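*Asks:* Submitted below is the structure of interest, expressed as structure tokens.
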Amino acid sequence: MLRYRPTNLSPGNFPVNKSQTMESTLILTQNLQKRRNSAIWGTVNIILLAFLIYDLMYKCPLYSTWFNYLEYTVAGIFALNTVYHLYRYFYFTLKTESVTVTPTQKRLLGFKDTDAYCKVKQTSTPVMSPASMINTPDTNLHCTPLNWSAASWRSSGSNDSQNYSMASPSWVFYRGSPEQRSTLSTPHKLQFADTSDVECITDEKSLKQYMQDYEHFEKSMNASNPTEQSSNLLSSFWSHPATQNPNEVPPYLRRNQYQLSAQVPSNVNSSTGKIDESRSALNICALGNEIWRKLQIDSQKLTLWNANLRMWISQTILDRLVNEIALVNDEFAKLHLNDIKIGNVGLERLRKTAQTLPVIQYVPTLTALIPFLEVTPNQEYLVKRIKELAKGGCMSDFKWNSGGNYNGKEWDDSLVNDSEIIIHLLATYLDSQLLPLPNQPDARPFSKEHFIRHAEKVPQNPLTLAIHQVSEKPPHFRLIAGEDVFEVAKGHNNLFYTILLFLYFVNKKEHGMLGKVNMGRSGVNMLWIIEGN
């Protein structure tokens, strides 16, 4: 069967050196243009020179001597120009070399079929079987495109990521036996077999032979694995580290299929009759995992989405907010309002300041900035915490159930926690991006329709799609989609997972639209979070 492995990515090892092809094409174009110009100007000089020679041969006797000298001088100039352009024409004709390109490069570079200096090189494309894709390194990598491991998000995922580039066009195909596939499918270390004997499929005979080999290979694989295994790592019996080979399993176990038992729905302790909160937390965690399994989203993809969401919030909201606060404070200083500074005064004074004529004229962004600061009356701590969360680009200092130090003391319940800050900033930002509600133009569109705070009543509407804040301390969020309630696991990633679930339903159920605003690239540009690979 066919397999491939990444080779050395230095320019000399590419089948076609693209930079050299571009340089040769550029030189060829310049030489042809120069030759064309020399031919045109050479022809013009020859015509003018012939006219002057004719006039000198049959000159009029009335011409004066100085006029004859002028004609001789101009004729000499035209003669020199003619020699110069003829020399350039033959020089570039002999110097110009043909360029060898592939059919794709010929189409992209604009060569025509009549171009004599363009030679097309026909290349045969090796055939790669679907089974070989199973053995590609891409299926065994546990890393995001930014080479972030799951452990960097304080999870218990594996950190055995390898930094292999899968974007290179330099792949070597080679024929190997089906028995060698195990050398490429180890989950912890990528190993590549010897490729010294390279043989591509170039004719019908070799293709038929390959198809026969592959058919025998499939039969042998089906015979060795009669029972189809689940793709879920949590419920796969054979994925246990103590059982590396199915042949090691006793026959009485191989005759049965095993799956995870259902969680006990009740959270009431039978001995005491009281609610067991630890069991309730386990039930919510199991329900959260079950949601992602039903949506066919594995842990690796979920980790990638989580990283994308953190980066988007940090770069789109937190960084801009910090910069805008600094700009507004600088404008206050220019207006000699030294006693007013965001983070040092309360919200009520900021609102009154935003209504004054100088601020309206020179600091118009203050009115749009104030709603972001309404999550807590303690403005000093809020501004300080926003600046801390903005550092690093991915909110590495985020603490779901607490926050940062304040006045030299650790965080306590009198301060707002990070989860409440982030969900408020996100809701306020989306309020500014969505269109006003037709029946309530003064209301905030996202906060009114898609965010239900802790003290607010859950609407009974089959069209509802909203993030519901179930509790404040500790913060816990869930998704309301019509009559369905989707609980994700409690804890550090509860807020982010709920937002990701919200984006997933917007993309799948609402076709990427939130109201009349596109959440994709042509609008808010949030859907790349769950669409990017």
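*Asks:* Which is open to solvent by 10 Å² or more (accessible area, probe 1.4 Å) and hydrophobic (A, V, I, L, M, F, W, C), of Met526, Met513, Met519? Write out each step before concluding.
*Replies:* Values: Met526 fails: open to solvent by 10 Å² or more (accessible area, probe 1.4 Å); Met519 fails: open to solvent by 10 Å² or more (accessible area, probe 1.4 Å).
Result: Met513 is the single residue among Met526, Met513, Met519 that is open to solvent by 10 Å² or more (accessible area, probe 1.4 Å) and hydrophobic (A, V, I, L, M, F, W, C).
*Asks:* Can you report the number of residues in segment 387-413 which are in contact (Cβ under 8 Å) with a residue 12 or more places away in the chain and among the polar types (S, T, N, Q)?
*Replies:* 2
*Asks:* Do we have Lys34 as among the basic types (Lys, Arg) and under 30 Å from Cys118 (Cα atoms) here?
*Replies:* Criteria met by Lys34.
*Asks:* Okay, next question. Are there any helices (runs of 4 or more DSSP H) wholly within segment 322-408 with 1 or more residues that are within 17 Å of His424 (Cα to Cα) and open to solvent by less than 10 Å² (accessible area, probe 1.4 Å), and if so which?
*Replies:* 366-369, 379-390
*Asks:* Quick check: is even one residue across segment 79-95 of a type in the set (D, E, K, R) and farther than 22 Å from Leu48 by Cα?
*Replies:* Among the residues of segment 79-95, at least one is of a type in the set (D, E, K, R) and farther than 22 Å from Leu48 by Cα, which makes the answer yes.
*Asks:* Tyr54: at pLDDT 85 or above and either farther than 30 Å from Asp298 by Cβ or among the aliphatic types (A, V, I, L, M) (or both), yes or no?
*Replies:* No, not satisfied.
*Asks:* Of all the residues that make up segment 429-457, how many are farther than 19 Å from Leu373 by Cα and either open to solvent by less than 40 Å² (accessible area, probe 1.4 Å) or aromatic (Phe, Trp, Tyr) (or both)?
*Replies:* Counting residues in segment 429-457 that are farther than 19 Å from Leu373 by Cα and either open to solvent by less than 40 Å² (accessible area, probe 1.4 Å) or aromatic (Phe, Trp, Tyr) (or both) gives 3.
*Asks:* Between a first residue in segment 88-115 that is in a loop (DSSP other than H, G, I, E, B) and a second residue that is surrounded by fewer than 17 Cβ atoms within 10 Å (Cβ to Cβ), which pairs have beta carbons less than 7 Å apart while being 6 or more apart in sequence or on different chains?
*Replies:* As it stands, the answer is Thr96/Leu32; Thr96/Tyr117; Ser98/Tyr117; Ser98/Lys119; Thr102/Val16; Thr102/Lys121; Thr102/Thr123, since those pairs meet every condition given.
*Asks:* Can you spot a residue in segment 376-397 that is over 29 Å from Arg478 (Cβ atoms) and small (Gly, Ala, Ser)? Outline the logic, then answer.
*Replies:* Within segment 376-397, the subset over 29 Å from Arg478 (Cβ atoms) is 379-380, 383-384, 387, 391.
In the following step, the residues that additionally are small (Gly, Ala, Ser) were identified as none.
Scanning segment 376-397, I find no residue that is over 29 Å from Arg478 (Cβ atoms) and small (Gly, Ala, Ser), so the answer is no.
The values are calculated or read from the model by the stated rules, or taken from the named source; none is laboratory data. From a predicted model like this one, the values you see are computed outputs, not experimental measurements. Please note: Cβ atoms are built from the backbone with ideal geometry, for glycine as well, and neighbour counts cover all protein chains shown. Only protein heavy atoms, including side chains, enter the accessible area calculation; ligands, DNA and RNA are left aside. Shrake-Rupley method; radii C 1.70, N 1.55, O 1.52, S 1.80 Å.
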